[in-house]
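Here the structure is laid out as structure tokens; the discussion comes afterwards.
The values are calculated or read from the model by the stated rules, or taken from the named source; none is laboratory data. The structure presented is a predicted model; accordingly, all values stated were derived computationally and were not measured. No Cβ is skipped: glycine too gets one built from the backbone with ideal geometry, and neighbour counts run over all protein chains shown. Quick note on the areas: whole protein, heavy atoms, side chains included, nothing else; ligands and nucleic acids left out. Shrake-Rupley method; radii C 1.70, N 1.55, O 1.52, S 1.80 Å.
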Amino acid sequence: MKRQLIAAVGVAAMVVGLAACGSDAKKDGAKSEAAPTSLTVWLTVDAQKNWPDLVKSADDALTAKYPGIKINHEYYGWKDKNPKLDSVLATDAVPDVVEMGNTEMLPYMIKGALAPLDASKFENSGAWLDGLKGSVQYNGKTYGVPYYAGARVATWRKDIAADAGVTAVPTTWADLTADLDKIQAKQGDKFSAWYNPSRDWYAAMSFVADSGGAIAKQDGDKWKASLESPEAIKGLTAWKDAIGKYMKGDLTKDDADRYIVYGLGTSAMIYGAGWEGGSAADPKIDKTGGKLKDNLVSFVMPGPSGKTLSTFLGGSDLAVPVKSKAQGAAAEWINAFTNTKAQEALIKAGNLPNNKTQLAPLKSDPKVGPSATAAELSWFVPTAPGWLQVEKANILQNALQDIAQGKKTVEAAAKDADTAIDAVINNA
């Protein structure tokens, strides 16, 4: 599910009342707290609609240990949750458990709004997916528990591929580019063999990760932008070459409406969140006369390195606000909601699990195999104090658009981006 990155946390409200208690949070959730009489859990509507039995199961586990405890649930849409959370963080009305998009965790960790947790007390923590594990850790501490994941995959139209003489999905970068060359030649210059929005930095940075590069690297307690590294330049160059050959659409676009554009029928392939192909095939979106429904096939995106392209994982985490008076019970509820048995329920509901152990057998499942395989090799954004400033300034997006439009060379755009990133990345 696509996450809405928050622009800022209610910093002024959070700091009041958090500074005194933030440093006193127990490592494993307030060992000395009295037996809790109530617990408030905030989840998104996904849990309410799609796996209410799992919520009840976690409740039952807690009430079995704490007879008489009252568990209150509040459910929110993604756009509504953070404003509500920001408004209560400086009060005594904080939830004890709150669901966070993995891209939402960082500012709350930085500002001390979340209690540190002992990762060893949560099942499968030693096998958490890399892209989710990175989202819950800051300065060597763990502030959340991965809940479930969603990976990016390649999706293309097998009818368009067949018209170009391509009958099987590619498994290597060489095969992919050869197939896309055939599709592009068959369909002509007004058709995108691969609709790849230039401002989709998640896709571009996957090429950077594939080549061994990174947006920025940590050196001690500071972060340093690293897009000028030879590895990052190699990845960006591979991305630029693909854009130049196969993307014939608007080079100022981001990925927000990619599934809608795909539904127009003017492209053969997209690389994005697993849900995008299905959404494009929705009769309300599909403008091809229904051709998408039976002709879409998803596959693992190969990378130029010869490996699976490293993907950015979407997903959810569960955290405990530092002002919760029931941190220990909150952690126990989270464990019951994310343990091995719980992950099995989430898998049945169509999600990817939070750990590699339960992910492994899914790779051979025809329905979720591509997503499961892609999720195994993943990356996350720099957990740096000023990362949100990097995003708010659209530094990566602007650099990528300049490259795609030929306004700057890869090297010049990377240098300018590094300068802009370094100016803000260490500033909260």
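Quick notes
- Positions within the range 348-368 being assigned to a helix (DSSP H, G or I) and either at pLDDT 95 or above or touching a Gly at 6+ places or on another chain (Cβ under 9 Å) (or both), in sequence order: K356, T357, Q358, L359, A360, P361, L362, K363
- Residues of the range 309-344 classified as at pLDDT below 95, in contact with a Leu (Cβ under 9 Å, 6 or more places away or on another chain) and open to solvent by 10 Å² or more (accessible area, probe 1.4 Å), total: 0
- Within the range 151-178, the set of residues being farther than 19 Å from K291 by Cβ and either without any contact (Cβ under 8 Å) to a residue 24 or more places away in the chain or part of a strand (DSSP E or B) (or both) comprises R152, V153, A168, A174, A178.
- Hey, A115 closer than 29 Å to L388 by Cβ, small (G, A, S), touching a residue at least 12 places away in the same chain (Cβ under 8 Å) and buried (at least 22 other Cβ atoms within 10 Å of the Cβ) or not: yes
- Restricting attention to the range 183-221 and to residues that are open to solvent by 30 Å² or more (accessible area, probe 1.4 Å), in contact with a helix residue (DSSP H, G or I) (Cβ under 8 Å, 6 or more places away or on another chain) and among the charged types (D, E, K, R), the residue that is farthest from P302 (Cα to Cα) turns out to be K186.
- Within the range 55-78, residues that are farther than 14 Å from P95 by Cβ and touching a residue at least 40 places away in the same chain (Cβ under 8 Å) have Cβ atoms under 7 Å from residues that are among the small types (G, A, S) and surrounded by fewer than 18 Cβ atoms within 10 Å (Cβ to Cβ) in these pairs: Y66/A35; I69/S38, counting only partners at least 6 apart in sequence or on another chain.
- Selection status of T167, surrounded by fewer than 23 Cβ atoms within 10 Å (Cβ to Cβ) and touching a strand residue (DSSP E or B) at 6+ places or on another chain (Cβ under 9 Å): no
- Test result for G274, of a type outside the set (S, T, N, Q), open to solvent by 20 Å² or more (accessible area, probe 1.4 Å), at pLDDT below 95 and more than 29 Å from A428 (Cα to Cα): yes
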